[in-house]
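Asks: Before we start, here is the structure in question, set down as structure tokens.
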């Protein structure tokens, strides 16, 4: 099933490893494919993410990162293949899958007219929080994402960095075992980026996290593993150190360019 | 149910967080007032009833209801929040129903604010309150019917202007389906179709209500009509996920 990978890495190492992964994997994607008319946006993508892993999802714009994440979140119906979150198929058993998932969509969309407070209350109520649990759950994420200063502000009046944090707070609200974050650090300043990485690192041991990013240094900073996709296919699936070894320079952006330009050409 | 109401409450609060609610209600009341008093001659008819008021309600709704529904889904698609909404643990039916209920509650609020008309005719004479109540129920059902059409069309596009124009056009077809111009033409061209169009006319069904008759058939018609379009709405939302 990894035969489409340009670099088999250690995934094909042995059946016993795979079996052990399967027991622990919170995210299981098998042969996920999305075609828009004759254009194939995502082409038989398969991977697993276990608890404790932070998977960096890399690729040029239009490579199929967001589409893959949307299929994993159950927002886009795949043409072929399956995705499971904590064992629940995102299509067949979508509510159970979504309960285990915290999802930050591309661009961190939120309702601009709502205040931060009203928005998080809405998400918390939909997530099933009520009574005294509701303010506790909200307080936890507000502290985590430092939103207390803008608590009563309409979201449309917030800076890009705050808006993204509101999106993140929404995703973290129910303390989900699986986090899928589409470009969580896009638009943040260097301090905020650092904060975000620290936050992700503290949560990492208890969760399976997938983040998409364009910033390769981020992969080194927080990811335990990276997948590079180009033109809808996985071209590499390895640890950051293994990836760096693919190019004589030992620099991730050289590896990235080498892998994705060859695929796109 | 709780989830549906949570969605509805958020949606309804959204109307009042923007000038949408004020503009809609003011225009609705001004149009209704102008039409009832000027074209409907409420005072000079010398009858203490709201017949002129109810004559115009469906036409004012025809114009204004698509203005509410055009943003219902199209706005979520434009903002990208639809991705958030549909990846929360909410079923499609709950989302569709919640949005519809919010819009319907909003129309109910607008209708309630026409109470000065009721007070006016009560001061001038002694109208049949039952007839007026039936008229209001009918008006609410007409609003629901138009809302369900508009919501389904809004789900099909992210362009609000397209959603509005389509909404007015399709609602218009259901409004005038029993108009003699339509049925006369159809009874020559396709007699079987003429019978059907007479039965699906929203305005025709409403006429009984405005005369004070709440017929079971009419109620079932509206329930089926709204149910059908809400079902279409879920299908459209689903189809766009697979597109």
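What follows draws every value from the coordinates through simple rules; no lab data is involved. Note that the coordinates shown come from a computational prediction; the quantities given were computed from them, not determined experimentally. Methodologically, a virtual Cβ is constructed for each residue, glycine included, from the backbone with ideal geometry; neighbour enumeration extends over all protein chains shown.
Asks: What does the convex hull of the Cα atoms of the range B:105-219 come to per residue, in Å³, rounded to a whole number?
Replies: Working: hull volume 15.8 nm³, N = 115.
So the per-residue hull volume is 137 Å³.
Asks: Additional query: Using a simple spin-label model with points 7 Å from Cα along the Cα→Cβ vector, what separation in nm is obtained for residue A:224 and residue A:143?
Replies: In this crude spin-label approximation the distance works out to 2.6 nm.
Asks: How well do other chains shield peptide A:63-73, expressed as the mean number of their Cβ atoms within 10 Å of each residue Cβ? Before the final figure, lay out each step's value.
Replies: Values: counts 0, 0, 0, 1, 0, 0, 1, 3, 1, 1, 4.
Counting Cβ atoms of other protein chains within 10 Å of each residue's Cβ and averaging gives 1.
Asks: Taking Cα atoms, how many degrees apart are the long axis of helix A:133-145 and the longest axis of chain A, rounded to 10 and kept between 0 and 90?
Replies: 60 degrees
Asks: Any idea what the relative contact order of the range A:101-216 is, in percent, if you count C-alpha pairs under 8 Å spaced at least 6 apart?
Replies: Working: 155 pairs, mean separation 41.6, N = 116.
The normalised contact order for the range A:101-216 reaches 36 percent.
Asks: Mind giving me the FRET efficiency for residue A:198 and residue A:175? R0 is 22 Å, r the Cβ-Cβ distance, nearest 0.05 is fine. Write out the running numbers ahead of the final one.
Replies: Working: r = 17 Å, r/R0 = 0.80.
E(calc), rounded to 0.05, equals 0.80.
Asks: Over all distinct Cα pairs, what is the inverse of the mean 1/r for the range B:2-242, reported as the Kirkwood hydrodynamic radius in Å? Kindly include the intermediate steps, with their values, before the conclusion.
Replies: Values: mean 1/r = 0.0534 Å⁻¹.
One over the average 1/r among Cα pairs gives 18.7 Å for the range B:2-242.
Asks: Using a Förster distance of 60 angstrom, determine the FRET efficiency expected from the C-beta separation of residue A:95 and residue B:129, and round it to 0.05.
Replies: On the way: r = 46 Å, r/R0 = 0.77.
That pair, residue A:95 with residue B:129, gives E of 0.80.
Asks: Okay, next question. In the Gaussian network model of chain B, springs joining C-alpha atoms below 10 Å, which of B:224, B:18, B:183 carries the largest mean-square fluctuation?
Replies: Comparing B:224, B:18, B:183 in the GNM, the peak value goes to B:18.
Asks: Given Cα pairs under 8 Å that are at least 6 residues apart, what percent is the relative contact order of the range B:2-242? The partial results should precede the final answer.
Replies: Numbers: 294 pairs, mean separation 62.6, N = 241.
Rounded, it is 26 percent for the range B:2-242.
Asks: Same structure again: Of the candidates B:106, B:61, B:37, which one comes out as most mobile in a Gaussian network treatment of chain B with C-alpha springs shorter than 10 Å?
Replies: Looking only at B:106, B:61, B:37, the biggest GNM fluctuation is shown by B:37.
Asks: OK, next. What's the FRET efficiency of residue B:200 with residue A:191 using the Cβ-Cβ distance as r and R₀ = 60 Å, to the nearest 0.05? Mind dumping the intermediate values first?
Replies: Details: r = 62 Å, r/R0 = 1.03.
Efficiency for this residue pair is about 0.45.
Asks: Is the shape of the protein assembly as shown best called rounded, prolate or oblate, per the rule: a/c under 1.5 gives rounded, else a/b larger than b/c gives prolate, else oblate, with a ≥ b ≥ c the square roots of the Cα gyration tensor eigenvalues? Intermediate results must be reported in sequence, preceding the final value.
Replies: Values: a/c = 3.00, a/b = 2.15, b/c = 1.40.
The shape class here is prolate.
Asks: While we're on this one: Could you work out which residue, out of A:59, A:161, A:128, moves most in a Gaussian network model of chain A, that is, has the largest mean-square fluctuation with Cα springs under 10 Å?
Replies: A:128
Asks: Modelling each spin label as a point 7 Å along the Cα-to-Cβ direction, I'd like the residue A:215/residue B:92 distance in nm, to one decimal.
Replies: 3.8 nm
Asks: Can you tell me how the range A:33-135 classifies by the Cα gyration tensor, rounded, prolate or oblate, using a/c under 1.5 as the rounded cut?
Replies: Details: a/c = 2.10, a/b = 1.66, b/c = 1.27.
Judged from the Cα gyration tensor, the range A:33-135 comes out prolate (a/c at least 1.5, a/b above b/c).
Asks: For chain A, what does the helix formula give at 222 nm: sum of -39500 (n - 2.57) over DSSP H segments with n ≥ 4, over the residue count, nearest 500 deg cm²/dmol?
Replies: -11000 deg cm²/dmol
Asks: Further question on the same structure: Quick check on the range A:129-265: take the gyration tensor over C-alpha atoms, sort the square-rooted eigenvalues as a ≥ b ≥ c, and tell me if it's rounded (a/c under 1.5), prolate or oblate.
Replies: On the way: a/c = 2.58, a/b = 2.11, b/c = 1.22.
Prolate, because a/c is 1.5 or more and a/b exceeds b/c.
Asks: I would also like to ask the following. Taking every Cα atom in chain A, find the radius of gyration and the maximum pairwise distance Dmax, and write them in Å.
Replies: 18.4, 59
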